[in-house]
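First comes the structure, then the notes that go with it.
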Amino acid sequence: MLSFSEQLPIVFNSLNVGFLQTLKLFLVTLAGSIPLGLIISFGSMSRFKPISAFSKTLVWVVRGTPLMIQLLIVYYFPGLVLHNPIWGGDESGRFFAAAVAFILNYACYFSEIYRGGIQGVPLGQQEAGQVLGLSKTQIFFKITLLQMIKRIVPPMSNEIITLVKDTSLARIIALQEIIWAGQSFMKGSQGISGQIWPLFFTGVYYLVFSGILTVLFNKVEKKLDYFKT
Amino acid sequence: MALLEVKNICKSFGKTEVLKGIDFSIEKGEALSIIGSSGSGKTTLLRCLNFLETSDSGTITVDGEILFDGAENIKLSDDKIRKNRLNFGLVFQNFNLFPQYTVLKNLTLAPTLLKKGDSATIEAKAKEIIKKVGLEDKVDFYPCQLSGGQQQRVAIARALMLSPKILCFDEPTSALDPELTGEVLRVIRELKDENTTMIIVTHEMNFAKNVSDKVIFMADGVIEEMGPPEQIFDNPQSKRLQEFLYSSLNK
Ligand SMILES: Nc1ncnc2c1ncn2[C@@H]1O[C@H](COP(=O)(O)OP(=O)(O)O)[C@@H](O)[C@H]1O
Ligand SMILES: [Mg+2]
């Protein structure tokens with residue numbers, strides 16, 4: 001049995017590796033879902049009925065079912081039902097499947113936030129741009145966009161902080177993120193077993209990380225405080 | 001030849017007929033006021049002229065060029081609509097300044113994007129125009145830091161930046177506290193003295209009487225009466241106009 005001080009470096013090393021995977025999933029999800037959400041929000045605002053119906057149904061299904069089930073479906077459906085295991089059984093395959101599920105899920109949540117932000121900008125702003133002879137693109141990028149961003153920063157920061165914690169759901173398909181790493185010392189790993197404190201300690205990682213994000217988002221909100229919509 | 005000639009403009013929203021054949025014309029340098037009770041179609045008329053709405057029929061001709069002809073029955077391209085819009089300027093009831101930009105940037109944004117000259121020229125023009133509306137000390141302020149009257153003067157300055165042939169106002173003082181209307185009306189008065197061609201939708205009867213060359217009284221989507229201000233205000237013919245003027249006196 002290793003002494004506590006001997007356990008420490010082993011545990012932290014493991015937790016750090018797990019957290020890196022958590023962080024990677026977090027960043028990849030953001031990078032994918034922020035632009036995809038915009039596409040879906042344009043889709044659900046489209047005047048072309050099939051597109052808007054498709055987008056709205058997608059959003060309804062994704063927001064109406066647990067992310068955990070979506071993860072399981074994305075990971076197992078191709079292999080078990082289609083007999084075409086596209087993800088591969090290793091860690092990178094699991095990461096890829098998790099990323100797909102997370103990106104899709106968060107894109108749908110973001111799309112609704114975007115939609116609220118776009119529709120929240122008064123129509124008069126667009127019309128003021130129109131009577132000045134500006135094109136639709138110019139109006140979007142030079143007039144509407146920043147006002148929209150100001151409106152969506154608070155709900156987006158809530159959602160992004162939720163994502164930090166949601167990454168732990170990827171454990172259900174055995175992605176080796178930080179909770180998985182913490183839990184391994186209960187069952188036994190690297191000569192340590194029956195220890196629950198590493199699992200509890202993972203909470204500190206989440207806390208610090210979401211704390212940093214909160215400070216960051218507050219800064220952004222402050223930065224946009226110079227004008228009122 | 002008239003600078004603006006409007007013939008038989010009609011506009012419906014679904015089953016509601018809002019404009020039922022509007023005809024009028026204005027000469028260069030003239031100020032036309034449009035009065036009428038709320039819901040009579042004044043805003044819709046200005047929006048049709050500024051191509052924020054497309055008329056169902058009729059023609060709009062500026063300087064001899066037909067901008068819109070309902071008889072052609074074709075959908076105008078986005079480019080054509082943008083070109084048409086530049087003949088007109090529109091000052092909104094609630095200003096619609098761009099909140100994220102300073103006063104100066106509100107003025108320079110459109111001319112810059114439309115490549116109306118190099119940035120130094122555009123900025124010089126903006127400073128000259130902002131001085132004209134008496135806000136040269138506010139160029140670096142944001143709209144939220146200004147009073148309603150000041151915001152509306154900036155909105156007028158912004159519209160002037162593109163030198164529209166016809167400047168339209170939709171109740172420019174209706175959203176303002178009574179003590180702030182004077183400063184805005186003064187600016188419009190000065191524009192009139194410089195022979196700016198204007199169409200002014202207003203509830204300020206005294207102002208309309210003093211500033212305009214011609215007055216239109218609208219009721220239920222038609223021009224009920226049109227004439228020089230002396231006639232409209234001092235010798236109204238139709239019963240509706242008489243009633244309208246009487247009720248606006250007692251406000
Ligand atoms: N986009 C629209 N859709 C439906 N009805 C409209 C629309 N815009 C205006 N209207 C109707 O047209 C009528 C005239 O409106 P408006 O032109 O704003 O009158 P005014 O400016 O003289 O008060 C009103 O009855 C109004 O409800
Ligand atoms: Mg109106």
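The values are calculated or read from the model by the stated rules, or taken from the named source; none is laboratory data. Since we're looking at a predicted model, the values are computed, not measured. So basically every Cβ, Gly included, is an ideal-geometry build from the backbone, and we count neighbours across all protein chains shown. For the accessible areas, the whole protein counts, side chains as well, though only heavy atoms, and no ligand, DNA or RNA atoms are used. Shrake-Rupley method; radii C 1.70, N 1.55, O 1.52, S 1.80 Å.
Applying both filters, DSSP loop and at most 11 other Cβ atoms within 10 Å, to the trypsin sites (Lys or Arg not before Pro) of the stretch B:33-84 gives B:75. Using unit Cβ charges (K, R positive; D, E negative) and no other charged atoms, how large, in debye to the nearest 20, is the dipole of the protein assembly as shown about its Cα centre? In debye, rounded to 20, the protein assembly as shown gives about 1120. Residues in the stretch B:230-235 carry Karplus couplings, in order, of 4, 5, 4, 8, 9, 9 Hz; the curve used is 6.51 cos²θ - 1.76 cosθ + 1.60 with θ = phi - 60°, and Gly or Pro positions show x. Could you list log10 I(q)/I(0) for the protein assembly as shown at q = 0.06, 0.10, 0.14 Å⁻¹, which the Debye formula gives when each Cα is one point scatterer? Per q value, in the given order, log10 I(q)/I(0) is -0.43, -0.85, -1.28. The alpha carbon centroids of the stretch A:118-160 and the stretch B:99-166 are separated by 20 Å.
When accessible surface is computed with a 1.4 Å probe, chains B and A are found to bury approximately 2100 Å² between them, both chains counted. Taking each DSSP H run with n ≥ 4 as -39500 (n - 2.57) and averaging over every residue of chain A yields -25500 deg cm²/dmol at 222 nm.
Charge dipole (Cα centre; +1 on Lys/Arg Cβ, -1 on Asp/Glu Cβ; no other charges) of chain B amounts to roughly 540 debye. Taking trypsin sites (Lys or Arg not before Pro) across the stretch B:1-34, the ones in a DSSP loop with at most 12 further Cβ atoms lying within 10 angstrom of their Cβ are B:15. Apolar share of the accessible surface for chain A: 69 percent from carbon plus sulfur atoms, 1.4 Å probe. Taking amide H atoms as placed 1.01 Å from N in the peptide plane, the amide H of residue B:224 lies under 5 Å from those of B:217, B:218, B:219, each 5 or more residues away in sequence or on another chain.
Sparse packing (at most 10 other Cβ atoms within 10 Å of the Cβ) combined with a DSSP loop state is found for the following trypsin sites (Lys or Arg not before Pro) in the stretch A:28-125: A:47. I want to verify a result. In a Gaussian network model of chain A, Cα cutoff 10 Å, which of these has the top mean-square fluctuation: A:31, A:99, A:181? The residue that fluctuates most here is A:31.
Taking the Cα centre of each part, how many Å lie between the stretch A:1-34 and the stretch A:69-96? About 23 Å separates the Cα centre of the stretch A:1-34 from the one of the stretch A:69-96.
What number of lysine-lysine pairs in the stretch A:4-226 show an alpha-carbon separation below 26 angstrom, given a sequence spacing of 8 or more or placement on distinct chains? Lysine pairs, 8 or more places apart or on different chains, close enough: 18. Equivalent ellipsoid of the stretch B:4-249: semi-axes from √(5λ) of the C-alpha gyration tensor, largest first, are 29, 23, 15 Å. The residues packed around residue B:215, meaning those with a beta-carbon under 9 Å from its beta-carbon, carry a net charge of 0 if Lys and Arg are +1 and Asp and Glu are -1. For residue B:125, list the aspartates and glutamates whose Cα falls under 20 Å from its own Cα; do not include residues on the same chain fewer than 8 positions away. Of all the aspartates and glutamates, those that pass the test against residue B:125 - Cα under 20 Å, at least 8 places apart if same chain - are B:136, B:137, B:140, B:190, B:193, B:194. Between B:106, B:206, B:84, the residue with the greatest mean-square fluctuation in the GNM of chain B (Cα pairs under 10 Å linked by springs) is B:206. Using θ = phi - 60° in the Karplus curve 6.51 cos²θ - 1.76 cosθ + 1.60, the 3J(HN,Hα) couplings for the stretch A:176-183 round to 8, 8, 5, 5, 4, 5, x, 5 Hz; x is entered for Gly and Pro. Relative to the longest principal axis of the Cα atoms of chain A, the long axis of helix A:145-166 makes an angle of roughly 20 degrees. The residue among A:152, A:64, A:140 whose Cα reaches farthest toward the positive pole of the charge dipole of chain A, with charges on the beta-carbon of Lys, Arg, Asp and Glu, is A:140. Charge tally for residue A:41 (other residues, Cβ to Cβ under 12 Å; Lys, Arg +1; Asp, Glu -1): +1. As a ratio to 2.2 N^0.38 Å, the alpha-carbon radius of gyration computed for the stretch A:4-226 takes the value 1.23.
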